1. For segment 300-346, give me each residue that is open to solvent by 30 Å² or more (accessible area, probe 1.4 Å), without any contact (Cβ under 8 Å) to a residue 60 or more places away in the chain and not in a strand (DSSP E or B).
2. Within segment 48-61, is there a residue that is modelled with pLDDT of 95 or more, under 20 Å from residue 146 (Cα atoms) and open to solvent by less than 40 Å² (accessible area, probe 1.4 Å)?
3. Out of the residues in segment 220-229 meeting the condition of being surrounded by fewer than 19 Cβ atoms within 10 Å (Cβ to Cβ) and of a type outside the set (A, V, I, L, M, F, W, C), tell me which one is modelled with the lowest pLDDT.
4. Is there any pair with a first residue in segment 168-193 that is within 22 Å of residue 241 (Cβ to Cβ) and a second that is of a type in the set (Asp, Glu) whose Cβ atoms are under 6 Å apart and which are 6 or more apart or on different chains, and what are they?
5. Would you check if residue 73 is among the hydrophobic types (A, V, I, L, M, F, W, C) and surrounded by fewer than 20 Cβ atoms within 10 Å (Cβ to Cβ)?
6. Please work out which one of (1) in contact with a helix residue (DSSP H, G or I) (Cβ under 6 Å, 6 or more places away or on another chain); (2) at pLDDT 95 or above is the condition residue 207 fails and give its number.
7. What number of residues within segment 89-108 satisfy the criterion of being under 16 Å from the mean Cα position of the chain (by Cα) and open to solvent by less than 10 Å² (accessible area, probe 1.4 Å)?
Amino acid sequence: MCIALWYNGRMKTKILVAVAALSVFGVFAEEETFVVKPVQSGWGYWPTLVRMRRENLRKTPDSQLLMIGSSNVDFQFERAKRVLDYYVGGMKPVNFAIGGDTPANVLWRIEDAKKELAALKPKAVLMYAGVNAVMKAKPGCEKETAWGAKAMADELQKLYPDAEIFCFKILPARPTAADPVRKYINLSNQMIVELMKDNKKFHFVDMPTDKMFCDEKGNIRKEMMSDFIHPGEAGYALIWEYIYPEMARVLGLPEKKPNPLLKLQMTKPAADGYTWAVKVADAPVRANVARVWLGQKVKKDLVLEASVDGKWTKVAEQDGAAGAPVFELGKVVTASEWRVGAKDGSVLGLADFKLYLVEE
């Protein structure tokens, strides 16, 4: 500004305008950077869970996969242990997630367990930003979630500079597509991708969550998320059909077929649609009738198949199936695995889709 006084009024004006513009850009830059600070959770049992998660780290010093975040990571160790064992059991995944945590809570726990975390040498970290901050459904909650995810990744990379960090897409929550939470979930996912796009060690695992967990209107299918926020075993198996291939690509892990241990799972055919399958692990099922609940507004050409002697065989089909069609097999078929899908491989995207096998 002192230099400006040596020139004429016109030049002085120009310089003042330039300084003013810089001030505006400075404010803009400040608004674009959202700082998420570590925060302790306020609910009563949380300190006990914090101690338990630190103990998990001490008990698994040779873990190659640190799993960190909120309930949709935590619950996998309860509801989907078979899924984890099948896909990444050899990596000895360790649970450092607590249900209800926001990214700010996770940041606090990272700092609290720095010693235990530093003792690990994982090849990979699977993190999840979660919906707990987004559930406020107020402007700014998407920044708290996305910038919190970035802060989590930054702290993890300080601890494990050689590790690959995987973050899976925030899943839909609340029953209906019209719920305002959905908008902020979508904004958070978009923002995480944008914030981390230049980080070569960060891998965002995208997946068609609406097709996986919602019906054609975008409403959550209760059989996939009974509480409208957490999947069951079949849902987590679906999620890992996307997480594991990305891990395998980045880490050089062997390919895996969809988890064969589940009694109910959805598998991807060659097209981009979905096929529902029932796997009966305990004993083969003798059946001569199958019933599929499609929903009243769905109309598809369907094929029903059974795995007999290790080979998939078509046992029934029905064109223009709608509502709750019944497949008469014409004979008794004995199989431990059954599946039904659209003939053209298109997305079924059904509400209350179930496959019933009626024994003779």
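The values are calculated or read from the model by the stated rules, or taken from the named source; none is laboratory data. Worth saying up front: this structure is predicted, and the values here are computed from it rather than measured. All Cβ positions, glycine included, derive from the backbone under ideal geometry; neighbour counts span all protein chains shown. Ligands, DNA and RNA are excluded from the accessible area calculation, which covers all protein heavy atoms including side chains. Shrake-Rupley method; radii C 1.70, N 1.55, O 1.52, S 1.80 Å.
1. If the condition is that a residue be open to solvent by 30 Å² or more (accessible area, probe 1.4 Å), without any contact (Cβ under 8 Å) to a residue 60 or more places away in the chain and not in a strand (DSSP E or B), then 309, 310, 324, 336, 343 are the ones that fit.
2. No, because not a single residue in segment 48-61 is modelled with pLDDT of 95 or more, under 20 Å from residue 146 (Cα atoms) and open to solvent by less than 40 Å² (accessible area, probe 1.4 Å).
3. Applying the filter and picking the extreme gives 223.
4. 169/206
5. Working: among the hydrophobic types (A, V, I, L, M, F, W, C): yes; surrounded by fewer than 20 Cβ atoms within 10 Å (Cβ to Cβ): no.
No, not satisfied.
6. Here residue 207 clears every test but (2).
7. Number satisfying all stated conditions: 4.
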